[in-house]
1. Evaluate the following for residue 97: is it farther than 13 Å from residue 82 by Cα, part of a loop (DSSP other than H, G, I, E, B) and in contact (Cβ under 8 Å) with a residue 12 or more places away in the chain?
2. Given the criteria over 16 Å from residue 281 (Cβ atoms) and assigned to a loop (DSSP other than H, G, I, E, B), does residue 31 qualify?
3. Which condition number does residue 125 fail, the rest of (1) hydrophobic (A, V, I, L, M, F, W, C); (2) without any contact (Cβ under 8 Å) to a residue 24 or more places away in the chain; (3) in the same structural domain as residue 214 (by TED's automatic domain parsing); (4) touching a helix residue (DSSP H, G or I) at 6+ places or on another chain (Cβ under 7 Å) being met?
4. Taking residue 172 as the residue in question, decide whether it is open to solvent by 40 Å² or more (accessible area, probe 1.4 Å), over 16 Å from residue 85 (Cβ atoms) and outside the structural domain of residue 207 (by TED's automatic domain parsing).
5. If we keep just the residues of segment 153-191 that are in a helix (DSSP H, G or I) and of a type in the set (Val, Ile, Thr), which is nearest to residue 44 (Cα to Cα)?
6. Among the residues of segment 132-154, is any surrounded by fewer than 17 Cβ atoms within 10 Å (Cβ to Cβ), touching a helix residue (DSSP H, G or I) at 6+ places or on another chain (Cβ under 9 Å) and farther than 24 Å from residue 71 by Cβ?
7. Among the residues of segment 48-59, are any outside any strand (DSSP E or B), within 16 Å of the ligand (Cβ to nearest atom), farther than 27 Å from residue 166 by Cα and open to solvent by 10 Å² or more (accessible area, probe 1.4 Å)?
8. Which ones in segment 191-206 are open to solvent by 10 Å² or more (accessible area, probe 1.4 Å), in contact with a helix residue (DSSP H, G or I) (Cβ under 8 Å, 6 or more places away or on another chain) and either over 21 Å from residue 306 (Cβ atoms) or not aromatic (Phe, Trp, Tyr) (or both)?
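The values are calculated or read from the model by the stated rules, or taken from the named source; none is laboratory data. Because the structure is predicted, anything quoted here is derived from the model rather than measured. When we count neighbours, we look across all protein chains shown, and the Cβ atoms used for this are built from the backbone with ideal geometry, even at glycine. Accessible surface areas use protein heavy atoms only, side chains included; no ligands, DNA or RNA. Shrake-Rupley method; radii C 1.70, N 1.55, O 1.52, S 1.80 Å.
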Amino acid sequence: MNSWVQDAIARIAADFQRSADTHLIPLPLPTFARHGIDLYLKDESTHPTGSLKHRLARSLFLYALCNGWLHEGTTVVEASSGSTAVSEAYFARLLGLPFIAVMPRSTSAEKVAQIAFYGGRSHFVEHAGEVYAAAQQLADETGGHYMDQFTYAERATDWRGNNNITQSMFEQMAHERHPVPAWIVVGAGTGGTSATIGRYLRYQRHATQLCVADPEGSVFAAYHAQRDTSLTAPGSRIEGIGRPRVEPSFIPTLVERMEVVSNLESVAAMHALGGLLGRKVGPSTGTNFVAMLRLANEMRAQQTPGSVLSLLCDAGERYEHTYHDAAWVKAQFGDTTPARHHLATLLG
Ligand SMILES: *Cc1c(COP(=O)(O)O)cnc(C)c1O
């Protein structure tokens, strides 16, 4: 192996060794706890680059290095809705590689600033569906490498273990009253996280079921029902999750259930959760929280105690001028009042 590649892998290993695991936070919800139902969020916002995409970016760089796809000076190009690009810009800087992110113009200014902070460049397209071809073209023009998270996320991640997100969740649940969750809820952007969790659950023969919370406008729920890869949808308005086309990394056979969540519900839940935790979270965490509450209410109605786990995907700071700005929300999605009332019912 070439010594630059060897050194690059060693740098990523050293970076991993310096990192800590993310916390599993119990949600203070006495109305459910009284019925033996406990909710938890694994706080993926505490990674160095602020989201669960830190795990994916590390895996994608290692996969590309081990495949011989990256060399000294290779320009790395990625199609992203922002979070993956932030994390990949971090790893590109760690390895001294140029990085270009291809993103929809609607991507939050905070994410664009973070990519620039890590020395990456941003290239914008008008619609989320245009990112793939534009990224491939930029890679061809620069003689670079198109990382292609939407294809490789599910296979770059170690699903059997190696301290993946699910193994870590189970270890952190060891001393809880319901250590094996009844449900794990996640959103799907690439689908990589749901694929890793679903495979691990089966490999370990756990009884835990996997639910994907899908935002309105995403194609994944219809694809899960119909299994037609040619389906398309208008696209999601919740940054990080939901896609306009069926992504190769989303594996429907691993998912027991899909919950479709409206934009207004996601935003209302994001705010409610912020109040519960004492700090702001991102919108995809709101989407997760809605699906968690629906499942918890079902468990309560069926008098089935158990635990429900999900992810705090990223923090609210990235969305101060969008989802956390009341005027922006009103202009984009309309009045949140009915969704807030509905959420209050779900919260019991
Ligand atoms: C990517 C992303 C997800 C979903 O993860 P995938 O593994 O890509 O399916 C959820 N929330 C946020 C904020 C994300 O960036």
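1. On the way: farther than 13 Å from residue 82 by Cα: yes; part of a loop (DSSP other than H, G, I, E, B): yes; in contact (Cβ under 8 Å) with a residue 12 or more places away in the chain: yes.
Here the answer is yes, as residue 97 does meet what is asked.
2. Details: over 16 Å from residue 281 (Cβ atoms): yes; assigned to a loop (DSSP other than H, G, I, E, B): no.
No.
3. So residue 125 meets the others, but not (3).
4. Working: open to solvent by 40 Å² or more (accessible area, probe 1.4 Å): yes; over 16 Å from residue 85 (Cβ atoms): yes; outside the structural domain of residue 207 (by TED's automatic domain parsing): no.
It is false that residue 172 is open to solvent by 40 Å² or more (accessible area, probe 1.4 Å), over 16 Å from residue 85 (Cβ atoms) and outside the structural domain of residue 207 (by TED's automatic domain parsing).
5. Step one: of segment 153-191, the residues in a helix (DSSP H, G or I) are 153-156, 165-172.
Next, only the ones that are of a type in the set (Val, Ile, Thr) stay: 165-166.
Working: 165: 10, 166: 12 Å.
It comes out as 165.
6. No.
7. Of all residues in segment 48-59, those outside any strand (DSSP E or B) come to 48-50, 52-59.
The next check asks that each one be within 16 Å of the ligand (Cβ to nearest atom); those that pass are 48-50, 52-59.
Next, only the ones that are farther than 27 Å from residue 166 by Cα stay: none.
No: zero hits.
8. Matches in segment 191-206: 193, 199, 202, 204, 206.
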